[in-house]
There are 2 protein chains.
Amino acid sequence: MIFSVIGRISKSSASYIFRFTSHQNHNPTKTLIPLSHFSTMDAKESSATDLKRPREEDDNGSPAAAVASMETENGDQTKEPACFSTVIPGWFSEMSPMWPGEAHSLKVEKVLFQGKSDYQDVIVFQSATYGKVLVLDGVIQLTERDECAYQEMITHLPLCSIPNPKKVLVIGGGDGGVLREVARHPSVEHIDMCEIDKMVVDVSKQFFPDVAIGYEDPRVNLVIGDGVAFLKNAAEGSYDAVIVDSSDPIGPAKELFEKPFFQSVARALRPGGVVCTQAESLWLHMDIIEDIVSNCREIFKGSVNYAWTSVPTYPSGVIGFMLCSTEGPDVDFKHPLNPIDESSSKSNLPLKFYNAEIHSAAFCLPSFAKKVIDSKAN
Amino acid sequence: MIFSVIGRISKSSASYIFRFTSHQNHNPTKTLIPLSHFSTMDAKESSATDLKRPREEDDNGSPAAAVASMETENGDQTKEPACFSTVIPGWFSEMSPMWPGEAHSLKVEKVLFQGKSDYQDVIVFQSATYGKVLVLDGVIQLTERDECAYQEMITHLPLCSIPNPKKVLVIGGGDGGVLREVARHPSVEHIDMCEIDKMVVDVSKQFFPDVAIGYEDPRVNLVIGDGVAFLKNAAEGSYDAVIVDSSDPIGPAKELFEKPFFQSVARALRPGGVVCTQAESLWLHMDIIEDIVSNCREIFKGSVNYAWTSVPTYPSGVIGFMLCSTEGPDVDFKHPLNPIDESSSKSNLPLKFYNAEIHSAAFCLPSFAKKVIDSKAN
């Protein structure tokens, strides 16, 4: 049982990508053992503070510049173009210093797209059992099978907590799924969206039409640009809700979880306006969450809450959200007052995950987390 | 970048175990690239009805009888004793036909125990980031990092839903964690436990003292034997609560989820008594869950409910529970009436996961599941 291995090594990033393929049998009449191929990324472990996102790397250290090698049928090694082996028909494995010592892997049926934008590596593949999958810089962003949980919760937790949201800002969320969910709210009159990476938008429109359908809503104003800068220039008190569908709060995205950014968000929100931001996993990142809660407690004079939900293909199987409101009319996030009228949705597709019960349940935290978060927030 | 591969193939079971190790560099003065090792199991995909648990296999097809081969530094293949490579210092990967197309992997620091009982393969390893891990037949049963969620929820969801539980039966649960949690209830006078595999009990006492501490409670009566037979012989109406901490509801364990078993449970419970049984993942096994709910609805004339919770190292990151009560005093599982007095615990260790809020939240289901389950249960 011998495999050949194609290794692609990124020196300065924390990930390796390997490709394992079964040897071709030299006797073509003999049946090959039906082994699935396997690709995996391995990660040097380092503390969060050491991390640099690949977009910060120079060209020499980028994954695309890494060396790839391939063992051929007769055992010789040959060079292979690096752009070829990012993901292959086999298995994709997700590993990161943000969740050291564990990996989640999906069987790949077909690689549909791979590209390198100005900001990140972009991959789309057809998985065996999770539908199509979008991967940015080696990290799963969505799968068709479970994207409903994340998109519906990050959108409706804030929007169902306030009456008649009219003007909404989405930071990130280039796949369009949050737009799709915002569009379910008939009270919304205008949706600004600021996504830094146009390739993510284009790829989503091409490969995830059921997600990117959100772009078809005439209320959407898409801006390709930096969310931090966009918010700094936003008119004071102009939004009812801001949704931050960001990558992990380390590296460049780190500032999306720090005081100046939250101050910009608070400034852009009307009194009693709400923000919902992706806030990692209770099981993996309590230290990060603790800092975010502390910062939000200082800045948002309304309420500050943490919620979480199940997303199987995210690390540890859960993702959390920070939900905060500015000073003004009280917002009780735990008791939604603005139910979704599913019949008003343009697509008329029913909600798959969100309902009012699961909205309230999302704020019930395990004791180990509740103790820490309650000590930081009200 | 070449790896050697040690493959261990189980012909009749659905799993392969592979071991990848980096080639030794022929020049000892040259620094090796610091790659983690990786082991994985691959699974033939088949429907749940085709499945046979390894304990049903004959010796020829058992994993221990499989052939292992290894590529040495110079590329030759050599035989390796199969007993050597079940888990190696590297990575453990969990794959199964019950969750085809995906795998969760943990980095292994040290294999602490591996054995083969009359029923299953038993492995304990020290993981890099999840503490010690117990694996039965290739499937993770518990890790020190997240076992609290499963043990506390499967125990306190039923026991906090009835006043003054006195006599409790645990089926399975050989690690002792459910016993540890039952023992927190001072009203409990007697705990019968029926576990089929003594090796699981012994291994847990040796390697998981914080879990197996439950065995030290003087109220525990441990029976090594078949839970189905135990229940058939149990006195009618004798238990306030039955907790079924079983393996997956396929193969031999399948009958723990079918009508005759639930009928035995219902017979052994007092009027208004409760059962809580492990009931798989909403994301992966809605077909199985639908059948269980239908069966329970026929048999339990009190209430029938499904709850779920987050357990990162279980497939899809969640696990569910069926909670049913017999005809008699009403049981409202969603509103616990029997809070835990943490000061009464023998160990005085606080609960890590369970609290009254998360108890109620566990019954709030995503819309895709609620629709199916509500159509089968009240």
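The values are calculated or read from the model by the stated rules, or taken from the named source; none is laboratory data. This one's a predicted model, so the numbers in the text were calculated from it and none came from an experiment. No Cβ is skipped: glycine too gets one built from the backbone with ideal geometry, and neighbour counts run over all protein chains shown. SASA here: full protein model, heavy atoms, side chains in, ligands and nucleic acids out. Shrake-Rupley method; radii C 1.70, N 1.55, O 1.52, S 1.80 Å.
Structure summary
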quantity: Odd one out for B:V304, checked against (1) under 20 Å from the mean Cα position of the chain (by Cα); (2) open to solvent by less than 30 Å² (accessible area, probe 1.4 Å); (3) not polar (S, T, N, Q); calculated: (1)
quantity: Count - residues of segment A:362-378 that are within 9 Å of chain B (Cβ to nearest Cβ) and within 17 Å of A:C324 (Cα to Cα); calculated: 5
quantity: Matching residues, segment A:206-233, being assigned to a loop (DSSP other than H, G, I, E, B) and surrounded by fewer than 19 Cβ atoms within 10 Å (Cβ to Cβ); calculated: A:D217, A:P218, A:R219, A:G225, A:D226
quantity: Condition met for B:E327 (within 19 Å of A:S310 (Cα to Cα) and at pLDDT 95 or above); calculated: no
quantity: Residue match in segment A:349-367 (condition: modelled with pLDDT under 95 and either touching a Phe, Trp or Tyr at 6+ places or on another chain (Cβ under 6 Å) or surrounded by fewer than 18 Cβ atoms within 10 Å (Cβ to Cβ) (or both)); calculated: yes
quantity: Some residue of segment B:165-175 being in contact (Cβ under 8 Å) with a residue 24 or more places away in the chain, part of a helix (DSSP H, G or I) and surrounded by fewer than 24 Cβ atoms within 10 Å (Cβ to Cβ); calculated: no
quantity: Criterion (open to solvent by 20 Å² or more (accessible area, probe 1.4 Å) and not in a loop (DSSP other than H, G, I, E, B)) met by exactly one of B:I288, B:I292; calculated: B:I288
quantity: Qualifying residue in segment A:99-108 (condition: touching a helix residue (DSSP H, G or I) at 6+ places or on another chain (Cβ under 9 Å) and closer than 30 Å to A:K334 by Cα); calculated: yes
quantity: Selection count, segment B:121-154, where residues are touching a strand residue (DSSP E or B) at 6+ places or on another chain (Cβ under 6 Å), of a type outside the set (A, V, I, L, M) and open to solvent by less than 10 Å² (accessible area, probe 1.4 Å); calculated: 4
quantity: Segment A:241-272, residues that are touching a strand residue (DSSP E or B) at 6+ places or on another chain (Cβ under 8 Å), under 19 Å from A:H190 (Cβ atoms), surrounded by fewer than 23 Cβ atoms within 10 Å (Cβ to Cβ) and among the charged types (D, E, K, R); calculated: A:R270
quantity: Residues of segment A:103-141 classified as without any contact (Cβ under 8 Å) to a residue 40 or more places away in the chain, part of a strand (DSSP E or B) and within 20 Å of B:S96 (Cβ to Cβ), total; calculated: 2
quantity: Pairs where the first residue, in segment A:359-372, is assigned by the TED database to the domain that holds A:G320 and the second is hydroxyl-bearing (S, T, Y), C-beta under 6 Å, 6+ apart; calculated: A:A362/A:T309
quantity: Residue count for segment B:169-194, restricted to those that are away from chain A (no Cβ under 14 Å) and within 16 Å of B:L349 (Cα to Cα); calculated: 9
quantity: Tabulated pairs, segment A:299-313, first away from chain B (no Cβ under 14 Å), second part of a strand (DSSP E or B), C-beta under 7 angstrom, 6+ apart or interchain; calculated: A:F300/A:C324; A:F300/A:S325; A:G302/A:G272; A:G302/A:C324; A:G302/A:S325; A:S303/A:C324; A:S303/A:S325; A:V304/A:C324
quantity: Residue match in segment B:311-329 (condition: in contact with a Lys or Arg (Cβ under 6 Å, 6 or more places away or on another chain) and of a type in the set (V, I, T)); calculated: no
quantity: Considering residues of segment A:319-344 that are buried (at least 21 other Cβ atoms within 10 Å of the Cβ) and of a type in the set (S, T, N, Q) only, the residue farthest from the chain's Cα centre (by Cα); calculated: A:T326
quantity: Selection status of B:E280, more than 8 Å from every other protein chain (Cβ to nearest Cβ), open to solvent by 60 Å² or more (accessible area, probe 1.4 Å) and more than 27 Å from B:I213 (Cβ to Cβ); calculated: no
quantity: Selection count, segment A:188-215, where residues are touching a residue at least 60 places away in the same chain (Cβ under 8 Å) and either within 22 Å of A:M153 (Cβ to Cβ) or hydroxyl-bearing (S, T, Y) (or both); calculated: 6
quantity: Residue satisfying all of: in segment A:192-205; among the aliphatic types (A, V, I, L, M) and not in a helix (DSSP H, G or I); modelled with the highest pLDDT among these; calculated: A:M193
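Yes or no, residue by residue, for (1) under 16 Å from A:S316 (Cα atoms); (2) more than 13 Å from chain A (Cβ to nearest Cβ); (3) β-branched (V, I, T):
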{"site": "B:W91", "(1), (2), (3)": "no, no, no"}
{"site": "B:P100", "(1), (2), (3)": "no, no, no"}
{"site": "B:A103", "(1), (2), (3)": "yes, no, no"}
{"site": "B:V108", "(1), (2), (3)": "no, no, yes"}
{"site": "B:K116", "(1), (2), (3)": "no, yes, no"}
{"site": "B:V124", "(1), (2), (3)": "no, yes, yes"}
{"site": "B:V133", "(1), (2), (3)": "yes, no, yes"}
{"site": "B:K167", "(1), (2), (3)": "no, yes, no"}
